[in-house]
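Step one of this worksheet: look at the structure below.
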Amino acid sequence: MKVRSGSTIILHPWIAGIYPILALLAFNIDQIPISYAYRPIVVSIVGAGLMWLTFQFLVKDVNKSAILTTLTLVLFYTYGHFYASELIPAGLGEIFSKHRNLVFLFALIWGGTIFFVIRKSFQPAPISATLNIVGTILLGFSIFQIGIYKARVANQDNPALDRAIVLNSDFLGGGSQLPDIYYIILDMYTRADFLTDQMNYDNDPFLQQLENNGFYVADCSLSNYSITAFSLSSSLNLYYLDALVPNLDTDSKDHALMDPLIHNNLVRRSLENIGYTIVAFQTDFPTTELRDADYFISFEQINKFESLLIQTTAARILPEVYSLFKGQTNSDPDYLARQRQFELTNNVLNAAMTVPIQIEGPKFVFLHIVSPHPPFVFKADGSFRQVIDIEDDPEIWKEYYVEQLTYINRRIFELITKILTNSQVPPIVIVQGDHGIPVFERKYFQHNEILDAYYFPNGGDEVLYPTVSPVNSFRLMFNYYFGTELDLLDDRAFTSQWLDAPYQFEAVGEQYPGCFEK
């Protein structure tokens with residue numbers, strides 16, 4: 001099949017297959033790795049080619065077949081936007097919020113345009129040339145957006161990524177005696193006194209279980225930052241952000257600037273240098289996915305970007321058809337996304353239970369569980385919460401949070417028990433929240449009170465103290481177990497508005513001084 005008409009190269013069918021994917025990627029580039037778009041682009045290009053061949057076989061005109069291919073792709077890739085009422089005029093959203101109505105409309109547009117294009121009197125060349133120009137401009141704009149973002153990230157001077165801490169692997173008696181290290185992050189897991197005061201929930205039984213098994217619980221711990229990416233960048237690199245990224249633009253809104261600091265963090269590099277194996281898990285949160293770890297445990301058939309892309313296309317009909325076939329009653333995309341989170345969290349926790357036995361040490365296990373953070377998918381007994389009321393209501397939010405936390409407590413204690421009973425060398429375990437719950441009075445702010453529990457065997461708990469914060473967690477660990485002499489930093493806490501002004505930090509003080517009396 002020719003892709004040239006006269007002296008004009010026909011590009012628009014290929015552009016129509018690529019542009020919607022790159023446009024969605026560009027819009028989410030601070031949250032989505034470019035690699036997530038590779039598979040959809042390949043599938044879309046192949047699909048566009050097969051579609052063009054089919055239309056060419058039917059109409060025997062390269063320009064007409066190209067226009068019909070572009071038309072079909074445009075309808076396919078815009079269907080989801082119309083269904084979500086993003087492009088439907090006010091007053092018609094109710095009508096076209098049902099697939100049968102919208103499919104009928106799109107079928108009319110598709111069929112009518114085909115009838116118009118295949119007429120002998122139709123002159124396709126000018127339309128095809130115009131589509132080439134419009135498509136090239138749109139595609140170029142998306143590529144430009146992605147390129148500018150990547151150039152900005154690449155040009156960031158970050159000396160923190162070039163250094164490692166020299167650890168003494170003989171400090172504990174030789175490499176064969178090195179302990180496994182587990183860093184377990186429970187997203188938005190707040191502190192016991194905060195739970196009691198704000199949610200009337202007593203978390204002491206869970207904390208007592210930890211303490212009975214040798215854990216030290218820091219009763220007055222505050223996260224250094226109130227945003228996941230910032231908190232983990234700081235804890236895993238042992239410094240505050242002003243030292244890690246000295247030229248940081250405080251007006252930036254880009255959380256992903258922290259991604260390199262997490263993916264190639266100082267703790268990881270230092271432990272790898274003395275022979276540690278790195279183990280990480282799928283989180284559906286690219287910032288905390290160490291996909292180049294020695295063991296990256298994943299359960300995805302499609303990645304989160306592909307799932308998002310499907311919801312913008314006519315393929316979003318498929319979950320409804322599948323649900324009907326499987327006898328399910330709810331095919332709403334939000335419901336399916338919550339179901340995905342429910343299954344992923346359970347799969348990750350189940351897989352983590354096998355790590356102490358199946359993966360040889362010494363190993364550094366980085367486990368980020370995106371819970372008890374919303375979405376609230378667990379009831380207290382671990383069953384799926386199928387019906388969600390208005391989560392913006394603080395009272396409903398707190399009720400669901402407590403139920404999800406109750407289930408996570410049980411699963412985390414089971415995991416800790418498995419780790420402690422199946423480790424030949426007493427392991428090091430840190431269980432930490434990355435930040436607290438939302439500040440309901442200040443939209444897009446979050447509290448800093450966190451769970452912060454340490455299993456430092458062989459007397460290591462002696463170096464811990466009630467106000468220890470994540471920036472000092474690994475400083476204390478390296479000093480006690482690996483013979484370093486790192487100075488402790490002042491334990492400070494900062495909050496910021498995570499949506500529009502994430503890098504404009506405000507200092508936070510202790511709100512519950514009674515924690516010192518425990």
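Scanning region 277-284 turns up no residue that is at pLDDT below 90, aromatic (Phe, Trp, Tyr) and assigned by TED's automatic domain parsing to the domain that holds Glu300. Being closer than 15 Å to Val348 by Cβ and surrounded by fewer than 17 Cβ atoms within 10 Å (Cβ to Cβ) is the filter; apply it to region 411-423 and report the residue that is farthest from the chain's Cα centre (by Cα). Ranking the candidates gives Lys418 first.
Give me a count of the residues in region 275-297 that are part of a loop (DSSP other than H, G, I, E, B) and buried (at least 17 other Cβ atoms within 10 Å of the Cβ).
Filtering region 275-297 for residues part of a loop (DSSP other than H, G, I, E, B) gives 275-276, 282-285, 289-294.
Those still in the list that are buried (at least 17 other Cβ atoms within 10 Å of the Cβ) too: 276, 282-284, 289-290, 293.
Number of matching residues: 7.
Just so you know, in region 209-258 the residues that are closer than 18 Å to Arg291 by Cα and free of Cβ contacts under 8 Å to residues at least 60 places away in the same chain include one that is surrounded by the most Cβ atoms within 10 Å (Cβ to Cβ), and it is Ser233.
Among the conditions (1) within 24 Å of Glu506 (Cα to Cα); (2) part of a loop (DSSP other than H, G, I, E, B), the only one that Asp487 does not satisfy is (1). Restricting attention to region 264-304, the residues being closer than 22 Å to Asn347 by Cβ and under 17 Å from the mean Cα position of the chain (by Cα) number 23.
In this structure, is Tyr454 surrounded by fewer than 21 Cβ atoms within 10 Å (Cβ to Cβ), of a type in the set (Ser, Thr, Tyr) and not in a helix (DSSP H, G or I)? Answer is no for this residue. Regarding region 439-446, can at least one residue be identified that is under 22 Å from Ile181 (Cβ atoms) and of a type outside the set (Asp, Glu)? For region 439-446, residues under 22 Å from Ile181 (Cβ atoms) and of a type outside the set (Asp, Glu): absent. Just to be sure, is Ile114 crowded, with 16+ Cβ neighbours inside 10 Å, of a type outside the set (Asp, Glu) and farther than 15 Å from Ala16 by Cβ? Spelling it out, Ile114 is indeed crowded, with 16+ Cβ neighbours inside 10 Å, of a type outside the set (Asp, Glu) and farther than 15 Å from Ala16 by Cβ.
The set of residues in region 259-274 that are of a type outside the set (Gly, Ala, Ser) and either assigned to a helix (DSSP H, G or I) or under 18 Å from Ile32 (Cβ atoms) (or both) comprises Asp259, Pro260, Leu261, Ile262, His263, Leu266, Val267, Arg268, Arg269, Leu271, Glu272. Selection of first residues in region 281-299 that are closer than 21 Å to Asn28 by Cβ and of second residues that are part of a helix (DSSP H, G or I) and among the charged types (D, E, K, R), restricted to Cβ pairs under 8 Å at least 6 apart or on distinct chains, gives the following pairs, ordered by first then second residue: Asp284/Lys304; Asp284/Arg340; Pro286/Asp259; Pro286/Lys304; Thr287/Asp259; Leu290/Arg268.
Of the residues Phe171, Phe206, only one is in contact (Cβ under 8 Å) with a residue 24 or more places away in the chain, of a type in the set (Phe, Trp, Tyr) and part of a helix (DSSP H, G or I); which? So that I can check it myself, show each step before the final result.
Numbers: Phe171 fails: part of a helix (DSSP H, G or I).
Step by step, each of Phe171, Phe206 is checked, and only Phe206 is in contact (Cβ under 8 Å) with a residue 24 or more places away in the chain, of a type in the set (Phe, Trp, Tyr) and part of a helix (DSSP H, G or I).
In the set (1) in a helix (DSSP H, G or I); (2) buried (at least 21 other Cβ atoms within 10 Å of the Cβ), Thr495 fails one condition alone, (1). Selection of region 443-453 for residues being among the charged types (D, E, K, R) and touching a Ser or Thr at 6+ places or on another chain (Cβ under 9 Å) yields Glu449, Asp452. If we keep just the residues of region 186-205 that are surrounded by 21 or more Cβ atoms within 10 Å (Cβ to Cβ) and within 15 Å of Arg410 (Cα to Cα), which is farthest from the chain's Cα centre (by Cα)? Among those that are surrounded by 21 or more Cβ atoms within 10 Å (Cβ to Cβ) and within 15 Å of Arg410 (Cα to Cα), it is Asn203.
Note on region 365-402: residues that are in contact with a Pro (Cβ under 9 Å, 6 or more places away or on another chain) and in a helix (DSSP H, G or I) total 5. Among residues of region 463-475 that are farther than 18 Å from Leu266 by Cβ, those with a Cβ under 7 angstrom from a residue that is surrounded by fewer than 21 Cβ atoms within 10 Å (Cβ to Cβ) and of a type in the set (Ser, Thr, Tyr), sequence gap 6+ or separate chain, pair up as Val463/Tyr480; Leu464/Tyr216.
The residue that is modelled with the highest pLDDT, among those in region 231-263 that are among the charged types (D, E, K, R) and within 18 Å of the chain's Cα centre (by Cα), is Asp259.
Search region 498-512 for residues being assigned to a strand (DSSP E or B) and not polar (S, T, N, Q), and hand back the single one that is nearest to Ile437 (Cα to Cα).
Within region 498-512, the first condition is being assigned to a strand (DSSP E or B), and the residues that meet it are 501-508.
Restricting the remaining residues to those that are not polar (S, T, N, Q) gives 501-503, 505-508.
Details: Ala501: 18, Pro502: 16, Tyr503: 19, Phe505: 17, Glu506: 17, Ala507: 17, Val508: 14 Å.
Residue satisfying both the conditions and the ranking: Val508.
Within region 406-424, can one find any residue that is closer than 20 Å to Met199 by Cα, outside any helix (DSSP H, G or I) and either in contact with a Gly (Cβ under 6 Å, 6 or more places away or on another chain) or charged (D, E, K, R) (or both)? Break it down stepwise before answering.
First, the residues of region 406-424 that are closer than 20 Å to Met199 by Cα: 406-410.
Those still in the list that are outside any helix (DSSP H, G or I) too: none.
No - not one qualifying residue is present in region 406-424.
The values are calculated or read from the model by the stated rules, or taken from the named source; none is laboratory data. Since the structure is predicted, the reported quantities are computational estimates derived from the model, not experimental observations. Neighbour counts run over all protein chains shown; Cβ positions are idealised from the backbone, glycine included.
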